[in-house]
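Below: the structure, in structure tokens.
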Amino acid sequence: MNFNTGSPLYNNQFGVTSPPMNQFGGFGQQYQSTTNPSMNPTLNPTMNPTLNPAMSLMSPPPWATGLIEDIKTIKQQNNIVVSKIDKIEESVSKITLKVEQLELQVKSMENSCNFINGQFEETKLKLNKSEEQIKMFNEKSNKFENILHTYQTKLTQIEDSNDKLELHSLRENLLFHGIKETSNQETCEETIKTLIRDVLRI
């Protein structure tokens, strides 16, 4: 509140002027009442706190009492807010710690996945090489089978030719069966000649 110090409260009505007021709404100490000295705050200890220290300490002015209560309320609210902020900071710290732990776990999982991917790629390359080698071995095996079949065919042809040659060579030969072997050292030719002369009489 703003007060004009020294401005008349009654506008000089009825021949009475109001005393000068200070910035807190009280009367100035320099004002002296000419009608009632007991109402003069500079002379009455009950009205002047500077003349009564006990009163100045025990009973503060109403505006100060309200201000003190407001300060107490603000302080209590501030304490509540500070307590809530501390709890929030504690919760944030816990959340931050959990997030850091999760980040470490995620990094560990990423490293494991990268390692597994590397192993998978190596295994895939080995499998591809093995498939190529198996394919090459199959091609070689097919070639060997073809060569073997060709050799078998040629061997069969050779055997047939050999049989034909053998039959052709035995075309003019005679076979004699039932001739007993003797201990005499006779040649085959002499034995056959004897058989033809004596038995067949040719």
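The values are calculated or read from the model by the stated rules, or taken from the named source; none is laboratory data. Treat the numbers as computed from the prediction; the structure is a model and nothing was measured. Backbone-built Cβ (ideal geometry, glycine too); neighbour counts: all protein chains shown.
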Quiz item: Looking at (1) modelled with pLDDT of 75 or more; (2) outside any helix (DSSP H, G or I), can you tell me which one GLU181 breaks?
Solution: (1)
Quiz item: Given the structure, is ILE202 among the hydrophobic types (A, V, I, L, M, F, W, C) and touching a helix residue (DSSP H, G or I) at 6+ places or on another chain (Cβ under 7 Å)?
Solution: yes
Exercise. Just one of (1) in a helix (DSSP H, G or I); (2) among the aliphatic types (A, V, I, L, M); (3) surrounded by 10 or more Cβ atoms within 10 Å (Cβ to Cβ); (4) at pLDDT below 90 trips up LEU102, so point out which.
Key: (4)
